[in-house]
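The structure under discussion appears below in the form of structure tokens.
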Amino acid sequence: MTSGPRVILDCDPGIDDAFAIFCAVRFCNLVAVTSVSGNVPITHTTTNALHVLELAEASVPVFRGAAAPLVVEPFFADRIHGEAGLGAGATPPPQADAEPEPAASAICRLAAEGPLVIVAIGPLTNIAEAVQLDPELASRVDHLYWMGGSTTVGNVTEHAEFNAWADPHSIEVVMASGTPITMFGLNLTHQVRLQGTHVDRLRTAATQTSTPAAEFLAFYESHGSRDGRGQPMHDPCAVLGFTHPELFETEPGNTLVHLSGDTRGMTEMTDSPHAGTHRITVATKAAADDVIELIMTAVIDPQARS
Ligand code: BDR
Ligand code: CA
């Protein structure tokens, strides 16, 4: 889609990131994809972003981002996403290369050129680096939709969601900058689950995108969900939270980001603002069936040809 506000998708593909890329191609005016170290190392997330865009026949530039978090050591989720990040096996070499400009610089440049929305679905390292490059960035970004954090339980530790655990210092930098942010945490994304029936549907659709996506999802699904309700499709929620806000309920909140110790990565919600808390918007409820339907539509036909 080419109308609407310009969007950067900052991602660490990642299987649910790949599904989010298909959603962004279908529903956003996507002007850039930036890669970040997260689910797998930066070489893989960059290659995977290029590959998924090529599957979707989307000519969108990819800017390679941070190879490591701001302060802590890199931490990967290859057990969930596969060693190369898109399920079993290696990603085929993409035809295009990443752009020479680093992701943080591209984010600053694109924000300076006009109204911009950022959808970030990995650790926030690139956005934090962009804030450090341009202290005015917060005032130039219309809104940041972020998949990360949780108002309830974590998935790396009892307290911490993966993207928050992987780089808590970057969340602090971004939130402290005053960038308007809506958080799509685990409390929201656990409402949106894909199961084996969705794998079957993607296989049956047999499109250029749905056939590989079915195998990504089959790998992701093979880990089984902890409660047997299917695997959460985290990252597309942040894209669709921007493009289809009518499908999500949100509320304002105050959050305290825990940087270290046993609660590292916790995005603790507090009743009232106090020193160290940040005012954000929190997504609380999804119209899950409608959200899932949009995800399936985008994965099967990202260019909306049929
Ligand atoms: C988040 O962690 C990653 O593994 C997923 O891609 C998603 O962004 C969920 O905790
Ligand atoms: Ca991700």
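Descriptive notes on the structure:
- Inter-residue pairs, beta-carbon under 7 Å, first over 9 Å from M266 (Cα atoms) and hydroxyl-bearing (S, T, Y) and in the range 146-163, second at pLDDT 95 or above and near ligand 1 (Cβ under 8 Å from one of its atoms), 6+ apart: T152/L186
- Residues satisfying the stated conditions in the range 190-224, i.e. touching a residue at least 60 places away in the same chain (Cβ under 8 Å) and among the β-branched types (V, I, T): V192, T207, T209
- Residues that are open to solvent by 10 Å² or more (accessible area, probe 1.4 Å) and more than 11 Å from ligand 1 (Cβ to nearest atom), drawn from the range 154-178: T157, E158, H159, H169, E172, V173, M175, A176, S177, G178
- Among the residues of the range 269-306, those that are over 20 Å from the mean Cα position of the chain (by Cα), within 26 Å of A160 (Cα to Cα) and in contact (Cβ under 8 Å) with a residue 24 or more places away in the chain comprise M269, H278, R279.
- Flag if L133 is buried (at least 24 other Cβ atoms within 10 Å of the Cβ), away from ligand 1 (no atom under 14 Å from the Cβ), free of Cβ contacts under 8 Å to residues at least 60 places away in the same chain and over 20 Å from P232 (Cβ atoms): no
- Residue in the range 16-30 that is part of a helix (DSSP H, G or I), on the phi < 0 side of the Ramachandran plot and open to solvent by 50 Å² or more (accessible area, probe 1.4 Å) present: yes
- Residue match in the range 115-135 (condition: over 25 Å from T277 (Cα atoms) and either at pLDDT 95 or above or away from ligand 2 (no atom under 16 Å from the Cβ) (or both)): yes
- With respect to (1) open to solvent by 10 Å² or more (accessible area, probe 1.4 Å); (2) without any contact (Cβ under 8 Å) to a residue 40 or more places away in the chain; (3) away from ligand 1 (no atom under 13 Å from the Cβ), the lone exception for D142 is condition (2).
- Selection from the range 55-92 of residues that are open to solvent by 60 Å² or more (accessible area, probe 1.4 Å), part of a helix (DSSP H, G or I) and either within 14 Å of ligand 2 (Cβ to nearest atom) or acidic (D, E) (or both): D78
The values are calculated or read from the model by the stated rules, or taken from the named source; none is laboratory data. Fair warning: this is a prediction, and the values are worked out from it, not measured in the lab. Because the Cβ atoms are built from the backbone with ideal geometry, glycine has one as well, and the counts that use them run over all protein chains shown. Heads up: the accessible areas ignore ligands, DNA and RNA and are worked out on the full protein's heavy atoms, side chains in. Shrake-Rupley method; radii C 1.70, N 1.55, O 1.52, S 1.80 Å.
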